[in-house]
1. Might you tell me the accessible area per residue for the chain, computed with a 1.4 Å probe and given in Å²?
2. Which net charge results for the neighbourhood of Leu83, defined as the other residues with beta-carbon distances under 14 angstrom from its beta-carbon, given Lys and Arg at +1 and Asp and Glu at -1?
3. What is the sum of charges around Gly46, taking Lys and Arg as +1, Asp and Glu as -1, for the other residues whose C-beta is under 10 Å from the C-beta of Gly46?
4. Which entry in (i) 17.9; (ii) 16.1; (iii) 22.5 matches Kirkwood radius over Cα pairs in Å derived from the coordinates of this structure?
5. When DSSP beta bridges are limited to those with both residues in region 77-171, what percentage is antiparallel, rounded to the nearest 5?
6. Check the straight Cα-Cα distances from Lys31 and name the lysines below 23 Å, setting aside those fewer than 8 residues away within the same chain.
7. Of the accessible area of the chain, with the probe set at 1.4 angstrom, what percent is carbon plus sulfur?
8. Can you list the residues of region 92-117 with backbone N under 17 Å from a point 7 Å past the Cα of Phe170, pointing along Cα to Cβ?
Amino acid sequence: MSARDNLLTTPIVAGWTLAQILNTEAPNLVKIWEDCIRDDVEYGGGIYIRAGAVRPTVNSAKGNDNNMNIERFRTPPPGSQILAEFHTHNGKQPKDGRPSNEDISNHWDRTFKNPAATHVALVVTTTKEPAGGWGKYAAVTKEYAVIVWEDVAKGARIWAMPRLTEKPNFD
């Protein structure tokens, strides 16, 4: 099974899979990405599920320029569990169209220090890619991040970062 298929179908919390989350919440994430492009600032947040709920809820906030501290979203509201954390990239250039090496290093640090955390890390970006594609970028070739959803009409893409089993190497 590919890393993408595994990410989409493996239950995260309370039987919820990333595919189920994206089926209901991808349009909300794209709207937040559109806001980040309009405001030229990163946004971030969390996706949570309450016991017995049939749909997750999304909480988000504006960051500072090209930075978003999502630490506060890792603690779910009372009575809820976290399914995913996310942040947006506010650029529409090809270089902005993937999780950065810093995103992946931060993801490694978080999951390595907290092996009990099962939620998924998402990055919402433009669909623009460099000439020749992403083939030379370690984050993509080593599957540190995989594309899990696209809205081609709006030019938005959602990447997911799987739990890493070894420290990322960007050589």
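The values are calculated or read from the model by the stated rules, or taken from the named source; none is laboratory data. The shown structure was predicted, so the numbers you read here are calculated from the model rather than taken from an experiment. Quick reminder, even Gly has a Cβ in these numbers, built from the backbone with ideal geometry, and neighbours come from all protein chains shown. Remember, those area values only see protein heavy atoms, side chains included, never the ligands or the DNA or RNA. Shrake-Rupley method; radii C 1.70, N 1.55, O 1.52, S 1.80 Å.
1. Per-residue accessible area for the chain comes out at 51 Å².
2. Local charge sum for Leu83: +1.
3. Around Gly46, the surrounding residues sum to +1.
4. After the calculation, the listed value that fits is (ii).
5. Of all bridge pairs located within region 77-171, approximately 70 percent are antiparallel.
6. Lys62, Lys92, Lys95, Lys128, Lys154
7. The value for the chain is 49 percent carbon and sulfur by accessible area.
8. Only 94-110 pass the distance filter.
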